[in-house]
Amino acid sequence: MHMADALISPAVGGAMLAATAGMVLHGAKKLKEDMDDRVVPLMGVLGAFIFAAQMINFTIPATGSSGHIGGGMILAVLLGSNAAFLVMASVLTIQTLFFADGGLLALGCNIINLAFFSCFMAYPLIYKKIAGKDPNRNRILIGSIAASIASLQMGAFGVVLETWLSGVSEIPFTSFLLLMQPIHLAIGIVEGLVTAAVVTFVWKARPEILELTGSSASIRSTSMKKVLVGFAVFAAVIGGTLSWFASANPDGLEWSIYRAAGKEELKAPETRLHALFAKIQEKAAFLPGYSFKGNDSVKSDGKEVRVESGKDEAWGSVNAGTSLSGLIGGATTLLLAFFIGWFLRKLQNRS
Amino acid sequence: MSHHIVEVIDLEYSYPDGTPALGGVSFTVTHGESVALVGSNGAGKSTLLLHLAGCLVPQSGEVRIGHLPLTKKTIPQVRRNIGMVFQDPDDQLFMPLVYDDVAFAPLNLGFPPEEVEQRVVNALNTVGATHLRNRPPYRLSGGEKRRVAIATVLSMSPSVLFMDEPTSNLDPRARRELIGLLKRFEHTRIIATHDLDMALDVCTRTIILKNGSVIADGPTVDILGNEKLLHTGGLEKPLRLQGCPVCNNN
Amino acid sequence: MSTISSSLFDVNHLDALSNQTTCIHRLDPRVKLLATVVFIVSIMSLDRYQISALMPFAIYPIFLIALGNLPFKYLLRKVLLAAPFAFLIGIWNPFLDSNVSFHIGPVGISGGWLSFASIMIRFALTVFTVLALIATTGFNAVCMALERLGVPRGFVVQLLFLYRYIFVLTEEAGRMARARSLRSFDGKGMGIRVFGSMIGNLLLRTLDRAQRIHIAMLSRGFDGEIRLAYPLKVNRRDILFLSGWTALFILLRLFNLPYLLGDMFSGLAK
Ligand SMILES: Nc1ncnc2c1ncn2[C@@H]1O[C@H](COP(=O)(O)OP(=O)(O)O)[C@@H](O)[C@H]1O
Ligand SMILES: [Mg+2]
C-alpha cells in the first residue's frame, strides 16, 4: 500500500513530507544526544535486515497464499520508537528509489503510513503496555497482534485520508475506507502473528536482547510525553492541510456529492487547486495577465464544447486540455519527445 | 619504550553467557616478530585478538601494548597504534566506497585532508589495490575485500598488526597472493589462523592455543613439525611437511 | 527464492547502471535531484483531467534515459511491475465519473476515463524519472546530495549503512530461503512458525554482525561521528541543467503546449 506520486496532490505530499522531515530531524538529533554510537551500525544492518526479511515469503494460514512482513513492529521492539522510525524511513526511501514503491513526493505519506503509526503510536501505546515489562509468550503474542492491527488500521486510514484529500482518485471517502480497513485488519493479524513468532524466538534464544533494547537508557523509546507531542504535531499538520483546503474552496471537500449534478460540476474538484494557485498568483503577481493569447484562436476553433473561463483556462481546465486538438498536439509532442530521445541516444553512442 | 611490544599476562575471560574462552594465557611478543596463533575452532583465538585490540577488557590478568597496560582509560590511546583486521571483511568494510573505508581511520584521527589522501594512496598501494579506490566494497571479490580490509588499518600506520584468519574463504590464487603480501610486511604481527601452511610461510614463531590455554610456543618450524603436539592441539601437520601420498616418500 | 534474487538483481543492476560516465552521470547529484523534484511537483499540480499537458513532460525522462545510456525496456518492466497499486486506485474513476467530457467523433469520453488515464500517465512519468535519477546518479551520490541539501547527517549515514548491508543480508536471506524451500514439500515448512525462527535466526546473526561492525569501527577510531569526505562542486553545466529544466517545467506547467500546437494544426487545416 505504498502511495504513488500519481495519486496525491502536491499540497498533501508536501505537507506529509514536511511533517516527516520534522520527525526525522528530531529523531536524528535525539539519537546524537543519546551518544550511544553502537546504534549507528545496529540501525544500519537492521534496516538491511528488514529489507531482506521483507523478501522472504511465508504461507498465510487458512488461505494458502503467501505474504511477507512489514517489520515496523519488530524494529520498534528491538530499537525503541525513535531509532525504529528512522530505520523504517530509510527502508522506505530505498524502496522508493529502487523499486518505484511509492514516489519521491509521496515518501512523506508512506513514512507516515508505514513507519510513524507503528513506531510512534502502536508500539509505545499498545505493545509496550502489554508486553514491555517482563514479557512472556502470551503477552508477546497479544501485544504484537494488537499493535500490528492498530498500526495497519491507522496506516490504511492514512492512505484513505491522503487519497481523499488529494482528490486525484474518484473513490468516495467512505467506500474506500470500507474497502481498506477490513483488508488491513486481516493483514494486521498476520503481521501480528509473524511479529510475535520472531520476537518470541529472539526472546527465547537471547532474552537479554529484548531486555537490553527495552530498558537501556540509550536506545530507549521516546517518553510518552514526546509521543503525544509528536501526535499533536501530526494532527496539527493534518488539520492545517484540511483547513487550508477548506478555505481555498469551502465546498471542495464535498465535491464528490455535488459532482453528479452535471457538467458544470465536473470542474469543481480542481477548483481547489485552481483557487490555491490563483491565490499564490495574486500574491506573487506571478506572470501577470497570463490568460494566454491562445484564447482567441481557441474560440475560433469552435469544434468542442469548451468552457472558456478566463483564469481557469491557463491552468488547463478539463475541456481545454482534452479537446481533440489538445490530443493531437499531445500525441505530436510525445512523438517529438521520443524522436529527440532517439536522436540523443544516437549522438551519445557515436561519441 | 619496552622491548616487548605485546605482553599478555595470565589473561582470563568468560563470555557474559558463561562460556569460558580464555583460561590464563601468557606470552610476550617483541618488536618486529611475526607470530602465528593457531588452534582448532573455538580454541579462543578470536577472543584473544579482541583483547589485544582493546575490544574486550580483561576480566583478570593484563594486556600491555607498548608500555601501556590496556584498561578502559588507555584504550583510545592504545587503539591508535594497533591495526586489527577482522575475519569477515564485510564487517570491516562498512563505508560506501573503498576510498571512504581506507580514509575512515585517518579522518577519525584528525589528519588534514592532504595527509589523509596521502595515507589512503600509500595504503592502497601497499596492498596493490589502487585501482579499487572508487569501487563500493560489495562489488569486490573475496581476495580484493581482504586486501582492502588490510589497507583500512595500514592507513593509520599502526605499530602492530593483528589479523584474524586472513586466508579463510580465499581461493588458492588469492590466498597465495595474500601470503606474498603478508611476507613483505615488516610490522610486528600476530595472525590467528588454522592455515598452517600460511603460518609456515609468514610467521617465524607459533603459539598453539587449546581450550583457552597456550599449549606450545616456539619457532614455527619446530612446532609445525611436531606431529604429536599438533594432534593434541586438534591440528594437522601442514601439507608441505606431510609425506607425499602418491610417491610415498617423506 | 526468485523474489530475493530478482530484487537483488534490480538493486545490483541499477547500481551498475549508475557506474557509467555519460554526461548525465557526471552532473552534480544535487542538480539532478532538484530538477527531478521540480519535475514531479509540476506534473502533480496539473489538474486531474489533464492528459495533453502531461505529454511534453515526457521529454525529461526520455532525455535522461537517452543521454544516460539507460536500457529503456528494463526500466519499462520495472515501471509496469510497480503499477498495480496506482492502477487499482485509479480504475475506479471511470465507474464513478461517467460524465461525458468530450467526443471523438461519435464516441463520448467520460471524465472518469480521462482522469484514470491521467493517473497512469503521471505514474509512468514520475516513476520513470525516479528510476532514471537513481540509475544515472547512484545511491551514494544521492545520499551526498541529500546531506548537502540539509538532510541530517544521522539519517544520511543510516541510508548509507542500510544500502551497504543490503547486499550482504539479502544474500544471506536468499541462502536461508533457498535452504528452506529445498526441504519444504507441499507447502509444509513454509508457515509462520518456521518463518519466525528463520527470520529470528537471521536477526540474531544480524545483531552479532552489528556488534562486530561496531568493534571494527571502534578499532579504527570511531567516536560517534562519521566523516564523509566528498567534494561536490557545481559547475556551469550543472547550473545550466538545473535552470534550463526548471524553466522548461514551469513553462510547460503554465502553458499547455500540445494544446497550442494542436490548435495551430487545426488552424492550418482550415
Ligand atoms: N559472543 C560470544 N558469546 C558467547 N560465547 C562465545 C562468543 N564468542 C565466542 N564464544 C565462545 O568462546 C570460545 C572461543 O571462541 P573464539 O575465540 O571465537 O574461538 P576461535 O576464534 O579460536 O575459533 C568458544 O567456545 C566460543 O563458543
Ligand atoms: Mg575465530
So in the stretch B:141-175, with the set limited to residues that are out of contact with any Leu (no Cβ under 9 Å at 6 or more places or on another chain) and over 20 Å from B:Val102 (Cβ atoms), which one is farthest from ligand 1 (Cβ to nearest atom)? B:Arg173
Checking the condition in contact with a Ser or Thr (Cβ under 8 Å, 6 or more places away or on another chain) and not assigned by TED's automatic domain parsing to the domain that holds C:Pro29, which residue from C:Leu207, C:Leu162 passes? C:Leu162
Can you tell me which residues in the stretch B:106-141 are among the small types (Gly, Ala, Ser) and either surrounded by fewer than 14 Cβ atoms within 10 Å (Cβ to Cβ) or without any contact (Cβ under 8 Å) to a residue 40 or more places away in the chain (or both)? B:Gly110, B:Ala123, B:Ala129, B:Ser141
Scan the stretch B:23-35 for residues that are within 13 Å of ligand 1 (Cβ to nearest atom) and either within 12 Å of B:Leu161 (Cα to Cα) or open to solvent by 10 Å² or more (accessible area, probe 1.4 Å) (or both) and report the count. 1
Tell me which residues, restricted to the stretch C:203-253, are acidic (Asp, Glu) and assigned to a helix (DSSP H, G or I). C:Asp208, C:Asp238
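Can you tell me which residues in the stretch B:100-116 are of a type in the set (Asp, Glu) and either touching a Pro at 6+ places or on another chain (Cβ under 9 Å) or closer than 18 Å to C:Leu160 by Cα (or both)?
So the first thing to find is which residues in the stretch B:100-116 are of a type in the set (Asp, Glu), and the list is B:100-101, B:114-115.
B:Asp100, B:Asp101, B:Glu115 - these are the residues of the stretch B:100-116 that are of a type in the set (Asp, Glu) and either touching a Pro at 6+ places or on another chain (Cβ under 9 Å) or closer than 18 Å to C:Leu160 by Cα (or both).
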Search result, residues across the stretch B:55-84 that are surrounded by 22 or more Cβ atoms within 10 Å (Cβ to Cβ), within 12 Å of another protein chain (Cβ to nearest Cβ) and either within 16 Å of ligand 1 (Cβ to nearest atom) or more than 25 Å from B:Ile150 (Cβ to Cβ) (or both): B:Met84
Scan the stretch C:88-112 residue by residue and report those that are surrounded by 15 or more Cβ atoms within 10 Å (Cβ to Cβ), in a helix (DSSP H, G or I) and free of Cβ contacts under 8 Å to residues at least 24 places away in the same chain. C:Pro94, C:Leu96, C:Gly112
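Being at pLDDT below 90, more than 8 Å from chain A (Cβ to nearest Cβ) and touching a Ser or Thr at 6+ places or on another chain (Cβ under 6 Å): is that true of C:Arg253 here? Steps first, answer last, please.
Values: at pLDDT below 90: yes; more than 8 Å from chain A (Cβ to nearest Cβ): yes; touching a Ser or Thr at 6+ places or on another chain (Cβ under 6 Å): yes.
Criteria met by C:Arg253.
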I'm trying to understand the selection: among the residues of the stretch C:43-85, which are open to solvent by 10 Å² or more (accessible area, probe 1.4 Å) and more than 8 Å from every other protein chain (Cβ to nearest Cβ)? C:Pro71, C:Phe72, C:Lys73, C:Tyr74, C:Leu76, C:Arg77, C:Leu80, C:Ala83, C:Pro84
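Of all residues in the stretch A:169-184 being more than 28 Å from A:Ile69 (Cβ to Cβ) and not in a loop (DSSP other than H, G, I, E, B), which is nearest to the other protein chains (Cβ to nearest Cβ)? Walk me through how you get there before you give the answer.
Filtering the stretch A:169-184 down to residues more than 28 Å from A:Ile69 (Cβ to Cβ) leaves A:170, A:172-175.
Filter once more, so that each one left must be not in a loop (DSSP other than H, G, I, E, B): A:173-175.
Numbers: A:Phe173: 12, A:Thr174: 13, A:Ser175: 8 Å.
Residue satisfying both the conditions and the ranking: A:Ser175.
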When you look at A:Leu42, is it closer than 15 Å to A:Val91 by Cβ, crowded, with 17+ Cβ neighbours inside 10 Å, more than 21 Å from the chain's Cα centre (by Cα) and in contact (Cβ under 8 Å) with a residue 24 or more places away in the chain, yes or no? yes
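Hey, can you tell me all the residues within the stretch C:133-184 that are polar (S, T, N, Q), in contact (Cβ under 8 Å) with a residue 40 or more places away in the chain and facing chain A (nearest Cβ under 8 Å)? I'd like the intermediate steps shown before the answer.
Looking only at the stretch C:133-184, we keep the residues that are polar (S, T, N, Q), and these are C:136-137, C:140, C:158, C:170, C:181, C:184.
Remaining after also requiring in contact (Cβ under 8 Å) with a residue 40 or more places away in the chain: C:136-137, C:170, C:181.
The answer is C:Thr170, and nothing else.
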Of all residues in the stretch B:15-34, count the ones that are away from ligand 2 (no atom under 16 Å from the Cβ) and either touching a residue at least 24 places away in the same chain (Cβ under 8 Å) or at positive phi (or both). 12
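Looking for something away from ligand 2 (no atom under 16 Å from the Cβ), touching a His at 6+ places or on another chain (Cβ under 8 Å) and in a loop (DSSP other than H, G, I, E, B) - is there at least one such residue anywhere in the stretch B:109-117?
Quick first cut of the stretch B:109-117, residues away from ligand 2 (no atom under 16 Å from the Cβ) only: B:109-117.
Retained after the next criterion (residues that are touching a His at 6+ places or on another chain (Cβ under 8 Å)): none.
No; the residues of the stretch B:109-117 include none that is away from ligand 2 (no atom under 16 Å from the Cβ), touching a His at 6+ places or on another chain (Cβ under 8 Å) and in a loop (DSSP other than H, G, I, E, B).
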I need every pair where a residue in the stretch A:331-351 that is open to solvent by 60 Å² or more (accessible area, probe 1.4 Å) has its Cβ under 9 Å from the Cβ of a residue that is not in a helix (DSSP H, G or I), sequence separation at least 6 or different chains. A:Arg345/C:Asn69; A:Asn349/C:Asn69
Answer with yes or no whether B:Leu50 is closer than 30 Å to B:Val221 by Cα, open to solvent by 10 Å² or more (accessible area, probe 1.4 Å), of a type in the set (A, V, I, L, M) and within 16 Å of ligand 1 (Cβ to nearest atom). yes
Contact list, first residue from the stretch B:157-173 and touching a residue at least 24 places away in the same chain (Cβ under 8 Å) and within 16 Å of ligand 2 (Cβ to nearest atom), second anywhere and open to solvent by 70 Å² or more (accessible area, probe 1.4 Å) and not β-branched (Val, Ile, Thr), beta-carbon distance below 7 Å, six or more apart or interchain, is B:Asp164/B:Gln87; B:Glu165/B:Gln87; B:Ser168/B:Gln87
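Yes/no matrix, rows are residues, columns are (1) open to solvent by 10 Å² or more (accessible area, probe 1.4 Å); (2) among the small types (Gly, Ala, Ser); (3) part of a strand (DSSP E or B):
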site: B:Val148; (1), (2), (3): no, no, no
site: B:Val153; (1), (2), (3): no, no, no
site: B:Ile207; (1), (2), (3): no, no, yes
site: B:Val214; (1), (2), (3): yes, no, yes
site: B:Leu235; (1), (2), (3): yes, no, no
site: B:Val246; (1), (2), (3): yes, no, no
Does C:Ile119 qualify as being farther than 18 Å from A:Ser90 by Cβ and either at the interface with chain A (Cβ under 9 Å from one of its Cβ atoms) or assigned to a loop (DSSP other than H, G, I, E, B) (or both)? yes
So which of B:Asp88, B:Asp101, B:Asp17 is open to solvent by less than 50 Å² (accessible area, probe 1.4 Å), charged (D, E, K, R) and within 16 Å of ligand 1 (Cβ to nearest atom)? B:Asp88
Which of the numbered conditions does A:Asp34 fail, given that it passes all the others? Conditions: (1) more than 9 Å from chain C (Cβ to nearest Cβ); (2) over 21 Å from A:Tyr123 (Cα atoms); (3) surrounded by fewer than 20 Cβ atoms within 10 Å (Cβ to Cβ). (2)
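How many of the residues in the stretch B:77-102 are more than 16 Å from ligand 2 (Cβ to nearest atom), within 30 Å of B:Lys45 (Cβ to Cβ) and either modelled with pLDDT under 90 or within 19 Å of the chain's Cα centre (by Cα) (or both)? First the steps, then the outcome.
Taking the stretch B:77-102 and keeping what is more than 16 Å from ligand 2 (Cβ to nearest atom), we get B:77-83, B:93-102.
Among the residues that remain, those that are also within 30 Å of B:Lys45 (Cβ to Cβ) are: B:77-83, B:93-95, B:98, B:100-102.
Within this subset, residues satisfying the condition of being either modelled with pLDDT under 90 or within 19 Å of the chain's Cα centre (by Cα) (or both) are B:77-83, B:93-95, B:100-102.
Count: 13.
Yes or no: B:Thr130 farther than 27 Å from B:Val78 by Cβ and either more than 14 Å from every other protein chain (Cβ to nearest Cβ) or within 16 Å of ligand 1 (Cβ to nearest atom) (or both)? Walk me through it before giving the result.
On the way: farther than 27 Å from B:Val78 by Cβ: yes; either more than 14 Å from every other protein chain (Cβ to nearest Cβ) or within 16 Å of ligand 1 (Cβ to nearest atom) (or both): yes.
Spelling it out, B:Thr130 is indeed farther than 27 Å from B:Val78 by Cβ and either more than 14 Å from every other protein chain (Cβ to nearest Cβ) or within 16 Å of ligand 1 (Cβ to nearest atom) (or both).
The values are calculated or read from the model by the stated rules, or taken from the named source; none is laboratory data. Here the structure is a predicted model, which is why all the values come from computation and not from measurement. Reconstructed Cβ throughout: ideal geometry from the backbone, glycine too, with neighbour counts over all protein chains shown. For accessibility, only protein heavy atoms count, side chains too; no ligands or nucleic acids. Shrake-Rupley method; radii C 1.70, N 1.55, O 1.52, S 1.80 Å.
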